[in-house]
1. Any idea which of A:ARG125, A:ARG116, A:ARG148, A:ARG92 is open to solvent by 50 Å² or more (accessible area, probe 1.4 Å) and in a helix (DSSP H, G or I)?
2. Can you pull out every residue in segment A:60-86 that is of a type in the set (D, E, K, R) and surrounded by 21 or more Cβ atoms within 10 Å (Cβ to Cβ)?
3. Do you know which of the residues in segment A:152-188 that are among the small types (Gly, Ala, Ser) and in contact with a Phe, Trp or Tyr (Cβ under 7 Å, 6 or more places away or on another chain) is farthest from the other protein chains (Cβ to nearest Cβ)?
4. Considering segment B:7-63 alone, what residues qualify as being within 8 Å of DNA strand C (Cβ to nearest atom), within 14 Å of chain A (Cβ to nearest Cβ) and within 13 Å of B:GLN113 (Cα to Cα)?
5. From the set of residues in segment B:1-34 that are part of a loop (DSSP other than H, G, I, E, B) and exposed (fewer than 13 other Cβ atoms within 10 Å of the Cβ), which is modelled with the lowest pLDDT?
6. Is it the case that segment B:151-167 has a residue that's touching a helix residue (DSSP H, G or I) at 6+ places or on another chain (Cβ under 8 Å), on the phi < 0 side of the Ramachandran plot and surrounded by fewer than 18 Cβ atoms within 10 Å (Cβ to Cβ)?
7. Based on this model, can you work out whether A:ARG141 counts as within 18 Å of B:ALA168 (Cβ to Cβ) and within 13 Å of the chain's Cα centre (by Cα)?
8. Is there any pair with a first residue in segment B:48-61 that is assigned to a loop (DSSP other than H, G, I, E, B) and a second that is surrounded by 17 or more Cβ atoms within 10 Å (Cβ to Cβ) and not small (Gly, Ala, Ser) whose Cβ atoms are under 6 Å apart and which are 6 or more apart or on different chains, and what are they?
Number of protein chains: 2
Amino acid sequence: MPRPYHHGSLHGALLEAAERILRRDGIGALTLRSVAREAGVSHASPAHHFRDFAELLSALAAVGFTRLRDRMAAEAATVRRGGGARRRGLGRGYVAFARENPNLFLLMFRSDQLDRMHAGLVAAREAAFALLAGENPDTTRLLAATARWSLVHGLSLLAIDGRLQSIASRTALSDEQILDAVLSADAGRRPAPAPAPTW
Amino acid sequence: MPRPYHHGSLHGALLEAAERILRRDGIGALTLRSVAREAGVSHASPAHHFRDFAELLSALAAVGFTRLRDRMAAEAATVRRGGGARRRGLGRGYVAFARENPNLFLLMFRSDQLDRMHAGLVAAREAAFALLAGENPDTTRLLAATARWSLVHGLSLLAIDGRLQSIASRTALSDEQILDAVLSADAGRRPAPAPAPTW
DNA sequence: ACTCCAATCCAGACAGTGTCAGGATGCGGA
DNA sequence: TCCGCATCCTGACACTGTCTGGATTGGAGT
């Protein structure tokens with residue numbers, strides 16, 4: 001029984017195919033035509049569901065950000081006490097997501113090829129950031145969340161590139177221990193007091 | 001007077017041409033053929049100086065890392081007192097380099113398309129990192145340097161993507177003030193004590 | 001129930017990419 | 001002087017993303 005001429009839900013199928021390729025063959029193999037092949041349609045069909053290849057990638061990145069948010073929330077939910085422990089859990093979830101989905105993570109932050117104005121992408125990214133900053137954050141909270149995001153993001157990149165392990169090999173610690181040490185040091189400190197406006 | 005058949009020093013000329021394109025037209029315009037055109041040679045000539053296009057990009061990234069190191073050193077040299085002020089200077093230099101050379105900075109950290117085993121690249125990168133970690137760093141110093149690198153790297157990405165400004169727009173601070181606040185908070189704190197090995 | 005129309009999908013073509021093969025050129029050592 | 005070989009060029013190949021034009025079909029309106 002052959003596949004019907006009209007796929008029915010090609011939009012989602014293309015995203016799933018793209019993620020499958022990303023996970024199986026890496027970023028280098030992720031092309032518009034390979035996605036179409038993986039989904040079993042002609043190479044021009046995606047144009048009816050995504051204006052650009054950049055739009056397809058941006059939609060995939062948006063999926064990644066919602067998953068990142070979920071992963072952080074799940075990890076934070078494992079701790080009972082709030083405050084520093086919860087923040088450390090969020091950070092651990094961030095890095096865990098990056099290590100579990102390295103290719104997707106890299107795709108999410110590759111500035112070129114992505115449409116940075118893509119509506120779903122910016123929404124999903126802000127939602128993820130909001131998890132670190134809390135609701136209606138004031139300046140101090142926003143600063144602290146920014147520093148935390150920067151820290152875990154940089155750590156994730158180091159971990160993905162294997163540079164964390166190369167650092168660990170020079171010490172008596174495993175990369176996991178380094179992660180915990182850095183995250184604990186960050187979660188335990190107080191954010192910097194906001195400088196007074198200059199006007 | 002036409003250009004002689006043999007260029008003489010095409011290796012360096014290609015790197016300069018690539019950086020010119022990167023600065024003028026962005027990462028999307030940086031292709032092997034465009035570099036060859038910019039240098040005024042045929043599209044197959046670069047193959048005699050760079051095995052791959054990835055090798056050319058890696059060599060360019062290596063140049064970027066030495067410049068990054070120089071930029072950090074220059075900024076740190078402007079402060080008289082050592083310790084926290086110097087570390088803050090290094091971080092400021094890091095972010096400054098990223099903002100002054102956004103495309104080159106993004107190229108340096110684009111994991112795909114780059115040959116991560118490229119000898120010159122890893123050497124230049126480690127040299128830059130060594131500036132943050134100091135000479136013969138012990139575990140504690142290495143951890144602190146890792147955290148610092150992560151922080152300033154994440155901050156640089158936020159700054160380049162304009163997300164730092166979008167955060168600043170929600171506060172009463174300029175992005176410069178946010179940068180200084182985060183960097184000061186980081187430079188002032190003590191690194192986490194290294195956990196004891198588990199064996 | 002019938003008709004159409006618009007959404008969906010396909011086949012083909014186009015310029016541009018990185019890489020490889022084969023021939024031209026000329027510099028430097030013998 | 002002469003000749004090897006690094007350097008450079010032209011041409012080709014299999015890809016890529018995007019565009020055009022035609023085939024198919026589900027579903028809304030009559």
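1. Details: A:ARG125 fails: open to solvent by 50 Å² or more (accessible area, probe 1.4 Å); A:ARG116 fails: in a helix (DSSP H, G or I); A:ARG148 fails: open to solvent by 50 Å² or more (accessible area, probe 1.4 Å).
Among A:ARG125, A:ARG116, A:ARG148, A:ARG92, only A:ARG92 is open to solvent by 50 Å² or more (accessible area, probe 1.4 Å) and in a helix (DSSP H, G or I).
2. Our first condition is that a residue be of a type in the set (D, E, K, R); within segment A:60-86, this holds for A:67, A:69-71, A:75, A:80-81, A:86.
Residues satisfying the conditions are A:ARG69, A:ARG71.
3. Residues of segment A:152-188 that are among the small types (Gly, Ala, Ser), as a first pass: A:154, A:156, A:159, A:162, A:166, A:168-169, A:172, A:174, A:181, A:184-185, A:187-188.
With the extra rule that they be in contact with a Phe, Trp or Tyr (Cβ under 7 Å, 6 or more places away or on another chain), the set shrinks to A:154, A:156.
Values: A:GLY154: 3, A:SER156: 9 Å.
Filtering first and then ranking leaves A:SER156.
4. Within segment B:7-63, B:LEU30, B:THR31, B:ASP52, B:PHE53, B:ALA54 meet the criteria.
5. Quick first cut of segment B:1-34, residues part of a loop (DSSP other than H, G, I, E, B) only: B:1-9, B:26, B:30-31.
Of the ones still in play, those that are also exposed (fewer than 13 other Cβ atoms within 10 Å of the Cβ) are B:1-6, B:8-9.
Working: B:MET1: 36, B:PRO2: 41, B:ARG3: 57, B:PRO4: 59, B:TYR5: 53, B:HIS6: 62, B:GLY8: 69, B:SER9: 86.
So the residue we want is B:MET1.
6. yes
7. Numbers: within 18 Å of B:ALA168 (Cβ to Cβ): yes; within 13 Å of the chain's Cα centre (by Cα): no.
The answer is no for A:ARG141.
8. B:HIS49/B:LEU10; B:PHE50/B:LEU56
The values are calculated or read from the model by the stated rules, or taken from the named source; none is laboratory data. Here the structure is a predicted model, which means the values were calculated and not measured. Because the Cβ atoms are built from the backbone with ideal geometry, glycine has one as well, and the counts that use them run over all protein chains shown. These area figures cover heavy atoms from the full protein model, side chains too; ligands, DNA and RNA do not enter into them. Shrake-Rupley method; radii C 1.70, N 1.55, O 1.52, S 1.80 Å.
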